[in-house]
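Structure record follows, encoded as structure tokens.
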Amino acid sequence: MDDQPDKRPKPKTGKSFLAGDIPLLHERAVECPYCGETFTINVDGSAGDQAYYEDCEICCRPILFHSEVDSDGNLLRLGVAREDD
Ligand SMILES: [Zn+2]
């Protein structure tokens with residue numbers, strides 16, 4: 001018989017992700033507005049539209065990200081700006 005959905009209880013082990021709790025992460029390549037280098041970040045689509053700072057992986061300066069997501073958590077747009085813009 002193959003009618004058993006995989007609904008076994010999942011172990012709660014600290015910070016590990018549990019199935020169903022995994023945020024909608026979208027990997028995007030962005031260009032740093034300071035140094036011009038390109039790197040990839042993960043945007044959490046489940047958090048809705050947001051603006052937040054994340055440091056450039058190359059020059060470590062704070063980049064202001066604006067993400068726009070639709071009601072399904074799909075990333076519509078990701079903008080980057082300098083802190084002093
Ligand atoms: Zn940079």
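The values are calculated or read from the model by the stated rules, or taken from the named source; none is laboratory data. What you are looking at is a predicted structure, and each value in this text was computed from that prediction instead of being measured. Counting neighbours? That spans all protein chains shown, and the Cβs are built from the backbone with ideal geometry, glycine included.
Give region 30-85 a look and list any residue that's assigned to a loop (DSSP other than H, G, I, E, B) and more than 16 Å from the ligand (Cβ to nearest atom), or say none.
Result: Gly48, Asp49, Asp70, Ser71, Asp72, Gly73, Asn74.
Kindly evaluate Phe39 against the criterion of being under 14 Å from Asp84 (Cα atoms), surrounded by 11 or more Cβ atoms within 10 Å (Cβ to Cβ) and under 15 Å from the mean Cα position of the chain (by Cα).
no
Would you mind finding the one in Ala19, Ala51, Ala29 that is surrounded by 10 or more Cβ atoms within 10 Å (Cβ to Cβ) and either at pLDDT below 90 or of a type in the set (A, V, I, L, M) (or both)?
Result: Ala51 is the single residue among Ala19, Ala51, Ala29 that is surrounded by 10 or more Cβ atoms within 10 Å (Cβ to Cβ) and either at pLDDT below 90 or of a type in the set (A, V, I, L, M) (or both).
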